[in-house]
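Following: one structure in structure tokens, then a few remarks.
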Amino acid sequence: MNLLPKSSSEFSQQDYWDKFFKTRGKKAFEWYGTYNQLYGVLHKYINPRDNILVGGCGNSTLSADLYNAGFTSMTNVDISETVIEQMIKQYEKTHPLMKFVAMDLLQMSFDAETFTCFLDKGTLDALMSDTDQDSRERAENMFKEIDRILKVGGRYVCISLLQEHILHCLIAYFHNLGWMIRICRCEEAESQDDPTDLKQKETSGGGRFPFPVFTVVCTKFKKMERMTPLLEFCPDEKNIERLSSVGQLKERVQSVQHFATLCHQISHDEKASQDVFIELMDPKSTKKTPKYTLFIVDRPCKSNQKFAAFVVPQGRETDWLFGSNEGRRQLADNAKFQRLLVIHLGRDHQFASLDCVQTELAGIVSSLQPQGLPPNTQIPFLSLGAQVNQRKEIHRGVSDSTGEYVVEEVEEEDDGKPVILRRLIFLSNPNVIQSEARMKNGKVDLKYLACQHHLVMVEELRQNLDMKNHGLKSILVLGLGGGALCTYLHQAYPQFKVDGVEIDPTMVDLARKYFGFKPNENLRPHIADGLSFVQDAAASESRERYGCIMLDVDCKDRSLGISCPPPSFLEPNFIQSVKQCLNPQGIFFMNLVCRDEARRNGVTEMLRESFASVQIKKIKGEVNEIITCHPSSPSLSKASGGRKSSKK
């Protein structure tokens, strides 16, 4: 039986509704929830003493349910004479004080200021079924009539999906009148437990309605000069947020709508959730960064354990297991849940406990559960122990070169023992550790090297020294950062001269103050552009050639598909300058982080054209590759585990 109109324009036509109610007969038709789903918000904003006008009542049982709850002063209006006749016959004996009138809401015959409440459940949405000018004019004519028949202090209570054109029209009209506007989300009305509900017919399966339902409460006030009407948003029953502009109110509503749509897609389509992440802001906070970031990980195999959430303690989000797609998939495999929600906690926000995180996120996490789970399923929240705050901020600042940065300490475990790691983080790329040092008895452990690509470079260097490479007397590091690599090299090989080049003087200061970098005659920082430094060194006839050059410079432009080094350091002219800075037995190490396969291949081919020997070593679990280049073929081959290309 076709009970829904073929085109949306039919929603506002009397003929359609007459035919609709004749076809449906006495069977109730509920828009956006039953009384049992809406009574919380209705009882909050409607008083039993109110004189209520229900606009577009249809054959809903809502009015009768309100009447039974003590709201007996009620007039029901609908454009369809057919449904009004049906409702009179149905309720004239059981609900004698309730009135039913066939009337056009755009031209009501009631006297001015007759009612204290106008209740609209889906009527505005039917009236504004299109975005055209006619729909807007119909809605504004109804608004005009609502303004006329309501007393000062009366309320227009509108239950709606608030499509964009409806939201804009409603807020603009009543805000200009000087009315207070409060918009509340009605999550109870989004349940699909009622099998007669229209929403169940529009969606497949049980669960939740894909669109959020809102109650808009517009309270009539006399318009006063220099008085800004109040605007409020209630995301749930317990919270009310006062907003300063119409734009903010629209943004709150649309944010809820977008999130609900995404949740519906994810719940009904496993492919839609692949590598999806959601950032959640705290509207009450002045922080401009997300409070939570939720990563959805679906396993292709079926499991008896359907769904769980894993809260990553602050400071651990950079770990490979939590910070990469591959790591999160491994975490889901280890946990053996079919869907795992991996939750990162925002750097600039405070979290009292794991229980507080669970309480705040319970509703959102529930909305992301896979299709088929009962609505009240208990969802386990997992973590690494009970502590969620494992990050201590030591220093925060801003650099002209890198922007905002933080120096922080986090606690981790190493062989079951707690260790403190001090890190430098650029907030432009907060999931990447720029420099890291291990703390020992309150001081930086100078013999510890954290970064895997640094460890690979140092191991490759050691192997060359084992081959009696007498040309290795000095080392140039391009990209000092926190100074960890330069400091380690100086500790390991104090007889070598180590030069560290850094374009940003702030980084040199941070290295000195927080990462144990202590310059001396064999450990020298140079505040300079790495490109110019190398080119000047290559052009100098008096400067001693380096035995080793290490290139580890971060690329600030994330849109290029390459994170390290910047493209300017990959120009053939620069690579030739690097080669000229090396002595004949020298070594050039490049930390390459490139997701663009074509660009990566171009880099390696260019290096093979410039150097006699090129070896590439992938770092397990990371995008990084260490490329080792020799100006001349090594006298002995090395078992480096990488690929080798030598020019004849």
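The values are calculated or read from the model by the stated rules, or taken from the named source; none is laboratory data. Every value quoted in this text rests on a predicted model; they were computed, and no experiment measured them. All Cβ positions, glycine included, derive from the backbone under ideal geometry; neighbour counts span all protein chains shown. For the accessible areas, the whole protein counts, side chains as well, though only heavy atoms, and no ligand, DNA or RNA atoms are used. Shrake-Rupley method; radii C 1.70, N 1.55, O 1.52, S 1.80 Å.
Here are some notes:
- The aspartates and glutamates within cross-link reach of K617, meaning a Cα-to-Cα straight distance under 12 Å and a gap of 8 or more places when in the same chain, are E459, E460, E625.
- In a reduced charge model with +1 at each Lys and Arg Cβ and -1 at each Asp and Glu Cβ, the chain shows a dipole moment near 1580 debye about its Cα centre.
- Selected from A484, S399, L106, residue furthest toward positive end of dipole (the chain; charges at beta carbon): A484
- Computed from the Cβ-Cβ distance with R0 of 56 Å, the FRET efficiency linking E92 to L560 stands at 0.15.
- Cα gyration tensor, region 287-368 - rounded (a/c under 1.5), prolate or oblate: oblate
- Cross-link check: pairs K44/K238; K497/K618; K151/K250; K44/K220; K447/K513; K44/K284 evaluated at a Cα-Cα cut-off of 19 Å; pairs beyond the cut-off: K497/K618; K151/K250; K44/K284.
- Positive-end ranking of H43, G416, V553 along the dipole of the chain, with charges on Cβ about the Cα centre, is headed by G416.
- Taking every DSSP bridge with both residues inside the chain, close to 60 percent are antiparallel.
- Of the peptides 511-521, 577-587, 237-247, the ranking by mean beta-carbon count within 10 Å, highest at the top, reads 577-587, 511-521, 237-247.
- Between Q491 and K618, the modelled label-to-label distance comes to 3.2 nm, taking each label 7 Å out from Cα in the direction of the beta carbon.
- Charges were assigned to the Cβ only: +1 to each Lys and Arg, -1 to each Asp and Glu. The resulting dipole of region 290-356 about its Cα centre is roughly 280 debye.
- Shape category assigned to region 390-481 from the gyration tensor of Cα positions, a/c cut at 1.5: oblate
- Projecting the Cα atoms of L592, S60, P494 onto the dipole axis of the chain, where Lys and Arg carry +1 and Asp and Glu carry -1 at the beta carbon, places P494 farthest toward the positive end.
- Only Lys, Arg (+1) and Asp, Glu (-1) charged, at Cβ; region 381-423 dipole about Cα centre in debye: 120 debye
- Taking amide hydrogens as placed 1.01 Å from N in the peptide plane, the amide H of V54 sits under 5 Å from those of T75, N76, V77, L119, each at least 5 positions away in sequence or on another chain.
- Mean Cβ count within 10 Å, highest first, over the residues of peptides 451-458, 534-541, 365-372: 451-458, 365-372, 534-541
- Placing dummy labels 7 Å off each Cα toward the beta-carbon, the span from R608 to E85 is 8.7 nm.
- Split the accessible area of the chain by element, probe 1.4 Å, and carbon with sulfur accounts for 49%.
- Residues Q371 and R599, FRET efficiency given R0 of 45 Å [Cβ-Cβ distance, rounded to 0.05]: 0.65
- Per residue, the chain exposes an accessible area of 48 Å² to a 1.4 Å probe, with every protein chain left in place.
- Compared with the dominant Cα axis of the chain, that is its longest principal axis, helix 530-539 is turned about 20°.
- Label selected from (i) 26.3, 95; (ii) 33.8, 110; (iii) 28.6, 108, the criterion being Rg and Dmax of the Cα atoms in Å as computed here: (ii)
- Note on D509 and V419: the extension gain reaches 29.9 nm, defined as 0.36 nm multiplied by sequence separation minus the Cα-Cα distance.
- Q576-H168 pseudo-label distance in nm [points 7 Å out on the Cα-to-Cβ vector]: 5.8 nm
- Gain in span if fully extended, E544 to M180, counting 0.36 nm per residue against the direct Cα distance: 123.3 nm
- Using the average count of surrounding beta-carbon atoms within 10 Å as a protection proxy, the listed peptides 525-533, 383-391, 72-80 rank, highest first, as 72-80, 525-533, 383-391.
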